[in-house]
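The values are calculated or read from the model by the stated rules, or taken from the named source; none is laboratory data. Everything numeric in this text was worked out from a predicted model, so none of it was measured. Using ideal geometry, Cβ is built from the backbone for each residue, glycine included, and neighbour counts are taken over all protein chains shown. Protein only, heavy atoms only, side chains kept; ligands, DNA and RNA dropped before computing areas. Shrake-Rupley method; radii C 1.70, N 1.55, O 1.52, S 1.80 Å.
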Amino acid sequence: MILAKRISLYTVLVICAIIMMFPIFYAFSISFMDGGEVMGGQLLPSSLSLDNYLEVFQKVPLLTYLLNSFVTSAIVMIGQLLVSSLAAFAFVFMKFKGRDFVFFLFISTMMIPWEATMVPNFMTIQSLGWTNSYLGLTIPFFALAFGTFLLRQHFKTIPQELYEASQVAGISRFRFFWNVILPVSRSSLITLGIYSFLTNWNMYLWPLLVTNTESARTVQIGLKQLQTQEIASDWGIVMAGVVIVILPTLLLLFAGQKKLQKGLTQGAIK
Amino acid sequence: MTHVELAGLKKSYDGKKNVIEQVDLQLQQGEFFVLVGPSGCGKSTILRMIAGLEPITDGELFVNGKRMNDAPPNKRDLSMVFQNYALYPHLNVEQNITFGLHTKKISREEQRRRCLEAAEMLGLADYLRRKPRELSGGQRQRVALARAIVTQAPLCLMDEPLSNLDAKLRTRMRSEIRQIQRKLGITMIYVTHDQTEAMTMADRMMILHEGEAMQIGKPLNIYNHPANTFVASFIGSPAMNVMEADVSPSEIGLSPHCTLPNPMKGNVKAASKNVQVGIRPEHILFSAPEQADAVVEVVNTEVLGTETLITFILDNAKDQWIARWNGQWQFSVGDRIPIRFDLDAIHLFSKDNGRILWAANDGQPNQTAREVLR
């Protein structure tokens, strides 16, 4: 009985996993095929040639795009970690009038879709002359209501006595934040860091708006460009590009999966 | 020399109701002072006001004669031990002990020397590299204590530091804290809800109830001369028997079959007031039948080995009395035994406001009992 139940459960899981994984697997497989094989509807390449990979680097400046994406994602990640943790610290450890009200106002911005604020943001960036630069790609994302919320929930589990003890010892507020709060909340910070890096890595619309030169574009735009250029001719090259772009995402997920899970559920349980 | 002085200290959170009502107190240099009271009586609030973690609503706080109402905690030259120890979980024992010393401009070598000295004193020398989570409750408690010691602050505040330890360890730490305090000569303000801790550790103590100071004085004086029924029943375990009585100028009637001579007969005015009689369990004695004040019915006995607690009733089954006798006494429930009240140890309290009217030892509340606030 238990065995039958288990078998049926795993069957369902395996089917779901196949459905989920098939596009990625197929993209990976196409990246090794030449044009004829793709058109022939083959599932697996007849030989493992890396020609497509070499070609994709020649067709578009993929290395520049990768670098751009990496740098902007890293800057946004650091910026979000700093701003969110400082804001969360204020919401937990500093007493001021209307603190909770301000916090809820802060949180309520999560209900406004990012696309709705895109036009004013774009105009601001444009008038500041930040288009085609890292500034325009990163600074609008520094303040993150979700990140503040996540860290606030974790900071709330840190006993107030730690703060009081450091006040008695004469530790400054910032030093307490830096030397106590940040190390103690390491797992939540890693979670938020991975989350913000991936979100920014996968961002498409905003980089499309604020960049129009090859030197400033990010990989997601590069992929689209590849597709437009190469459509109908060589899917193998496009898929080789896709595989290169999702690799960092996968690596980061594998490395940080445990922390990510732990951090996302931590605030909810405690 | 006066070290800490509270003058008319008040605290209110909403601006209307005072949670701390007018506390006046003077602490001498090197004194071990205990704030004791049931939970919610405001003792921790007073401590936090002295530490500067809670703003003072009204009244004044002086440390070494200097007004300190608005000084930040680190300018008050004190150390503090918290109930949950407040150890930094990511630092090891040594880092925890020396945390914050750099703000006092103490060199690294001096920090290390002080840390080793304190660790030696508290038996932590082998654990300096460990993280707090790898320590037992008692060891964590010692780390918190060591952190207070290394600052060499002349004033140390402790907020129920022993309440998370088991009974055996608590007894040991009690005496250790007391010895260290004496050795270093620091002034200590110690908050607890445990009257045993207060009795055994304090040079002087203050009993608090609902934000009001009930009595300030030396533990034994408070035990022997409680200022009111609250103090009488709070200090001492088991508590003092406090029962209502019918009083006439010549007699106190505890029950239809038990009357005692009224000791206040000299004082006619007080003698006819409504009173409550208070007598400690150790002052109710086993008696020869012909000298007995009453024959009572046993409802429970607890034999503790060196002593026996006997719960009994006179006539009214609702009023249960407790007597404490040395030795091992075996009574069955329902046994009737003759007892005698030690009239030299009897207290009479006003029934209206609970204040002491008359205490037997010397006929009048003595000097120390008059130190009493209310």
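Scoring B:VAL275 on the criteria (1) in contact with a Phe, Trp or Tyr (Cβ under 8 Å, 6 or more places away or on another chain); (2) farther than 13 Å from B:HIS347 by Cβ; (3) not polar (S, T, N, Q) leaves a single failure, condition (2).
Here B:SER39 does not qualify as under 20 Å from B:ILE20 (Cα atoms) and within 14 Å of chain A (Cβ to nearest Cβ). Screening A:SER46 against (1) over 30 Å from B:PHE82 (Cα atoms); (2) under 17 Å from the mean Cα position of the chain (by Cα) leaves a single unmet condition, (2). Residue count for the stretch B:104-132 under the criterion of being within 14 Å of another protein chain (Cβ to nearest Cβ), modelled with pLDDT under 90 and open to solvent by 50 Å² or more (accessible area, probe 1.4 Å): the result is 2. Within the stretch B:38-72, being closer than 23 Å to B:ASN96 by Cβ and open to solvent by less than 10 Å² (accessible area, probe 1.4 Å) holds for B:LEU47, B:ALA51. Selection over the stretch B:133-145 of residues that are among the small types (Gly, Ala, Ser) and within 14 Å of chain A (Cβ to nearest Cβ) gives a count of 1. Restricting attention to the stretch A:214-249, the residues that are under 14 Å from A:SER31 (Cβ atoms) and not small (Gly, Ala, Ser) total 15. Is it true that A:SER29 is open to solvent by less than 50 Å² (accessible area, probe 1.4 Å) and either in a helix (DSSP H, G or I) or at pLDDT 95 or above (or both)? Taking the combined requirement at face value, the residue satisfies it.
Scanning the stretch A:87-106 for residues that are among the aliphatic types (A, V, I, L, M) and out of contact with any Phe, Trp or Tyr (no Cβ under 6 Å at 6 or more places or on another chain), which turns out nearest to A:LEU151 (Cα to Cα)? Only one residue tops the list, namely A:ALA87. No other residue among A:ARG152, A:ARG173 is within 13 Å of another protein chain (Cβ to nearest Cβ) and of a type in the set (Lys, Arg) apart from A:ARG173. Residue count for the stretch B:73-101 under the criterion of being open to solvent by 30 Å² or more (accessible area, probe 1.4 Å) and either in a loop (DSSP other than H, G, I, E, B) or not assigned by TED's automatic domain parsing to the domain that holds B:PRO161 (or both): the result is 6. For the stretch B:60-72, the tally of residues that are free of Cβ contacts under 8 Å to residues at least 24 places away in the same chain, more than 14 Å from chain A (Cβ to nearest Cβ) and in a loop (DSSP other than H, G, I, E, B) stands at 2.
Counting only helices (runs of 4 or more DSSP H) that sit completely within the stretch A:101-199, those holding 2 or more residues that are surrounded by 16 or more Cβ atoms within 10 Å (Cβ to Cβ) correspond to A:118-128, A:134-138, A:145-155, A:160-169. The condition of being over 30 Å from B:HIS225 (Cβ atoms) and not β-branched (Val, Ile, Thr) holds for B:ARG133. The listed residues are B:GLN328, B:GLN291, B:GLN276, B:GLN320, and the only one of them that is open to solvent by less than 50 Å² (accessible area, probe 1.4 Å) and either within 19 Å of B:ALA359 (Cα to Cα) or outside the structural domain of B:MET199 (by TED's automatic domain parsing) (or both) turns out to be B:GLN276.
When B:ASP315 is tested against (1) closer than 27 Å to B:HIS225 by Cβ; (2) modelled with pLDDT under 85; (3) of a type in the set (D, E, K, R), only condition (1) is not met. Please determine, by comparing only the residues of the stretch B:207-239 that are under 23 Å from B:SER44 (Cβ atoms) and β-branched (Val, Ile, Thr), which one is surrounded by the most Cβ atoms within 10 Å (Cβ to Cβ). Once the filter is applied, the top-ranked residue is B:ILE222.
Considering only residues that are surrounded by 17 or more Cβ atoms within 10 Å (Cβ to Cβ) and either hydroxyl-bearing (Ser, Thr, Tyr) or without any contact (Cβ under 8 Å) to a residue 40 or more places away in the chain (or both), look in the stretch A:48-89 and name the one that is farthest from A:ASP100 (Cα to Cα). By that ranking, first place goes to A:TYR53.
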